[in-house]
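The values are calculated or read from the model by the stated rules, or taken from the named source; none is laboratory data. Predicted model only: the values in this text are computed from it and were never measured. Backbone-built Cβ (ideal geometry, glycine too); neighbour counts: all protein chains shown. Just the protein is used for accessible areas: all its heavy atoms, side chains included, with ligands, DNA and RNA removed. Shrake-Rupley method; radii C 1.70, N 1.55, O 1.52, S 1.80 Å.
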Amino acid sequence: MRKFYLLFASLFAFSVVANAGVKNLLKQDFEIVSTPADAGWTSPNLAGGMSILSDAEGKMFQFDLGNNNNRNAVMNFNYGLEGDATIYDGQDVKNYTVSFTWCLAKNPSSTGNAANVQYSTELALITPSVATSDVEGWKITTGINNGQYAANDSLRLFALTQLKGAYSAENEYWTDNTDNSNYIYDFYINGDRNQVVTLEEQGWYTITVNVDTEARTATYEIFSLMQNDVLATGTYNIPEYASVYVKGLNVLLGRYNSLAQIDDVKVQTTVDGDYANAPTVALTGVNMAKRSYLIFFEESAGEILHIKKTDGTEDMATVSPYAYETETSGTMEAWTENGTATSERVVIDVVAEVIPLPAANIDITKVNAGYVKTLLMTVDNSTVPTQPSITLTWSYSNGDQSAGEVASGAIYEASEKGTLTVTTHAYGFAETTVTFENNTEFAVHCSIDFQHMDEATLTSKGFTEIDPLQASNMSGENNWTARKRLWFGIENGETNADGSAKYDTYVVYGPAETEGAEPIRRFTFPAANLNQEASRMFAPFYTWYTGEADPAVADGSDVAGLKMNYGIGLINTGLKGDGSSINYPNGIVGVDGLTDNDYFILYVVSDYGSSSAHPIYPVGTTPADGRAMYKAGNIGDGTNVQVLRGTETFSLYRIDTAIARVDVFNATGEGIEEVNTGAIVSDHNAPVYNLNGVQMNSNNLPKGVYVKQGKKFIVR
């Protein structure tokens, strides 16, 4: 539906008169791009959240925030142009129109913890500033940074900003401290809270902005494709210190789980004489050997489509889009004519053959003694034409089998030796089957429990206790206590409306003023003492000493110190040298003496709370017993379990992340007993990619399967 609205609104339709035509300065419908970067999209801190999706109407761009704080993605309209060139260069552009469709496709609300959600999504057409100094009430900004709105009075020709904003006592919509979720989809226009438009969740809208560069005005229209109606119109006066020429589109998503989709981005202007724009050909369907296409062209500008089919016959059309199906391989050509003008020809090589689906990936996400393994079954549809929804069926040689088709991401818990067989399915494609031989037996080599390491052990290894961590001080790492991340619940005998048990929460490590909460004892090992021998103090596990790799810094000044938060785990302090500043972001850890056939598992927790266990104990449990059980258990809840092959490494981020435990397993007969504790791991800073080939931020990996140095690893 999103590609079928032709922008006929009289307010914005170009007046196409004799000897005048409509020219696309930019047309990006994402049909001929494979990655967001191909279309000019970048994201300063969430590149992995960007993707190109496909459905029955063709391709579109998607930005998925996931479980992150505010993040930006920016589309540069001048992408691919050299030097200072822009899409307007060399042309007398006095008027132009920008249009695109967009959808806020996922509800970002979190009614259970509304105060911790930021309803701060913004969509803005951005423009360069032309000011050379501060203007009163306006701060010069040269770009859009992570988590940043477009400037209020500049760097924009149009903006929709979520009205609700972040929780605060001053926000008029939060004065009664209730969720007020009906305000989530209220957006104000161009910074004016008196101009509000309500956009439905998963609703598609077309935004059109007509810019008069001489009058310095931007006249906008917001059109609902579901309601087939104009929701808002108006005019924005462009400040003198901002350029009148749009340079891109900025999308800011507010935490958590917001998701935006954008399609059919155009920048158009009128030109003297006839003009014909090249059409766009979208592959929209695959059914065995049959291929279905939609061909889009500027019908409203008077263009006529011509198509040469794969069988050699020709056709023409005056209504966009034109639907074409074929089961014949060959070359398809499409072009437009408008008066005396003829566009470039779009040439498509059609291979009308049955396409086999990719085989499922079967990855080990957890191992235990014997043949016990957790097997993750995934399939990547990003390289499959039209990106169909691919399902899986599986069976195990002991007679276990799937009850029906399951989604990618299904797991099988193997408890005995055998063969897992997985088949991929999607309508219109050939099935593909792959097998996994569970014939490797594992033995538990060791478990290093940082969480429960006692004071005597830490002292004997050279750790020194420093001031305990409490909420009122120790800025930079007080999230562990200030935000009450570590807690458990005790059922109180009452039930919720859905029948689930209600419980009272009790903080284990928290602010000093919280009843029953304790400060966190901290033990540190200074960077200056972290030499080759000390880095193996928890052998076969090693920490991030790298001095021997560069003799010039063999005194340890190139590494960060160790810290043990008592009852939590091992932490990279981020403090190098004299410890005066945080300047070392990552610590590379691993296990010596392992091979690719071995595994080790890291149980990782963070002070953001999402990876901390919150067990619920039954009615009658005393708070004292609850705290004792909480401390004795595993502090991680399984959402950040890192399963790595023996030769892989883990990049431990500073301060806010801790390793609670390391479990080491070796394949029977692989000989881990001969541990080389002097080994220096090379290439531990190698980039990490997702299965689509997009480089990821290795310090902020969501759940999934990734590739590093050509090898897959799992983040759970």
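Are any residues in segment 460-473 touching a residue at least 24 places away in the same chain (Cβ under 8 Å) and exposed (fewer than 13 other Cβ atoms within 10 Å of the Cβ), and if so, which ones?
Listed by number, the residues that qualify are T464, I466, D467, S472.
Got a sec? Which strands (runs of 3 or more DSSP E) wholly within segment 108-227 have at least 1 residues that are at pLDDT 50 or above and open to solvent by 20 Å² or more (accessible area, probe 1.4 Å)?
The qualifying strands (runs of 3 or more DSSP E) are 186-189, 192-198, 204-212, 217-224.
Residue under question is E240, and the condition is that it be over 18 Å from V22 (Cα atoms), out of contact with any strand residue (DSSP E or B) (no Cβ under 8 Å at 6 or more places or on another chain), surrounded by fewer than 20 Cβ atoms within 10 Å (Cβ to Cβ) and at pLDDT below 95; does it hold?
Considered against the rule, which asks whether it is over 18 Å from V22 (Cα atoms), out of contact with any strand residue (DSSP E or B) (no Cβ under 8 Å at 6 or more places or on another chain), surrounded by fewer than 20 Cβ atoms within 10 Å (Cβ to Cβ) and at pLDDT below 95, E240 comes out as yes.
Give the residue, chosen from N45, N68, that is touching a Leu at 6+ places or on another chain (Cβ under 8 Å), touching a residue at least 40 places away in the same chain (Cβ under 8 Å), in a loop (DSSP other than H, G, I, E, B) and more than 16 Å from K247 (Cβ to Cβ).
Exactly one of N45, N68 is touching a Leu at 6+ places or on another chain (Cβ under 8 Å), touching a residue at least 40 places away in the same chain (Cβ under 8 Å), in a loop (DSSP other than H, G, I, E, B) and more than 16 Å from K247 (Cβ to Cβ), namely N68.
If you go through segment 510-533 one residue at a time, how many are hydrophobic (A, V, I, L, M, F, W, C) and open to solvent by 50 Å² or more (accessible area, probe 1.4 Å)?
The number of residues fulfilling the criteria is 2.
Could you name every one of the strands (runs of 3 or more DSSP E) located completely within segment 336-442 that has at least 1 residues being over 29 Å from P279 (Cα atoms) and open to solvent by less than 40 Å² (accessible area, probe 1.4 Å)?
Fully inside segment 336-442 and qualifying: 361-367, 373-378, 391-396, 410-414, 418-425, 432-438.
Residues that are of a type in the set (F, W, Y) and at pLDDT 90 or above, at least 1 per element: which strands (runs of 3 or more DSSP E) completely within segment 444-538 meet that?
486-495, 501-509, 520-525
What's the number of the only condition in (1) open to solvent by less than 50 Å² (accessible area, probe 1.4 Å); (2) at pLDDT below 90 that V265 fails to meet?
(2)
Mind listing whichever residues of segment 539-548 are surrounded by fewer than 19 Cβ atoms within 10 Å (Cβ to Cβ) and modelled with pLDDT of 90 or more?
Correct list: A539 only.
Out of K308, K247, which single residue is touching a Pro at 6+ places or on another chain (Cβ under 6 Å) and of a type in the set (K, R)?
When all the criteria are applied, what remains is K247.
Consider F12 against the criteria (1) modelled with pLDDT under 85; (2) touching a Pro at 6+ places or on another chain (Cβ under 8 Å); (3) open to solvent by less than 30 Å² (accessible area, probe 1.4 Å); (4) among the aromatic types (F, W, Y): it satisfies all of them except one. Which criterion is unmet?
(2)
Check V271 against each of (1) surrounded by fewer than 22 Cβ atoms within 10 Å (Cβ to Cβ); (2) of a type outside the set (G, A, S); (3) under 30 Å from T42 (Cα atoms) and name the one condition it does not meet.
(3)
Residue by residue, here is whether (1) touching a Cys at 6+ places or on another chain (Cβ under 9 Å); (2) at pLDDT 95 or above; (3) more than 27 Å from S34 (Cα to Cα) holds:
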site	(1), (2), (3)
I364	no, no, yes
A369	no, no, yes
L376	no, no, no
S382	no, no, no
P388	no, no, no
L392	no, yes, no
Y396	no, yes, yes
S402	no, no, yes
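I'm trying to understand the selection: among the residues of segment 605-632, which are closer than 17 Å to A482 by Cα and among the charged types (D, E, K, R)?
Within segment 605-632, D607 is the sole residue that qualifies.
Going through segment 479-509 one residue at a time, which ones are surrounded by 17 or more Cβ atoms within 10 Å (Cβ to Cβ), without any contact (Cβ under 8 Å) to a residue 60 or more places away in the chain and more than 17 Å from G636 (Cα to Cα)?
A482
Could you tell me which numbered condition L420 fails, if it satisfies all but one of (1) in contact with a Leu (Cβ under 7 Å, 6 or more places away or on another chain); (2) touching a residue at least 60 places away in the same chain (Cβ under 8 Å)?
Of everything listed in (1) in contact with a Leu (Cβ under 7 Å, 6 or more places away or on another chain); (2) touching a residue at least 60 places away in the same chain (Cβ under 8 Å), L420 misses just condition (2).
Provide a single number: the residues in segment 580-638 that are hydrophobic (A, V, I, L, M, F, W, C), in a loop (DSSP other than H, G, I, E, B) and either at pLDDT below 90 or under 34 Å from the mean Cα position of the chain (by Cα) (or both).
3
Taking segment 551-579 on its own, how many of its residues are outside any strand (DSSP E or B), over 19 Å from T649 (Cα atoms) and modelled with pLDDT under 85?
So the answer is 10.
Name every residue in segment 329-351 that is touching a strand residue (DSSP E or B) at 6+ places or on another chain (Cβ under 7 Å), polar (S, T, N, Q) and in contact (Cβ under 8 Å) with a residue 24 or more places away in the chain, in order of residue number.
Across segment 329-351, the qualifying residues are S329, T336, N338, T342, S343.
Conditions (1) touching a His at 6+ places or on another chain (Cβ under 7 Å); (2) closer than 17 Å to P128 by Cα; (3) of a type outside the set (K, R); (4) at pLDDT below 85, marked per residue:
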| site | (1), (2), (3), (4) |
| --- | --- |
| A56 | no, no, yes, yes |
| F61 | no, no, yes, no |
| D64 | no, no, yes, no |
| N67 | no, no, yes, yes |
| N70 | no, no, yes, yes |
| V74 | no, yes, yes, no |
| N78 | no, yes, yes, no |
| D84 | no, yes, yes, yes |
| Y88 | no, yes, yes, no |
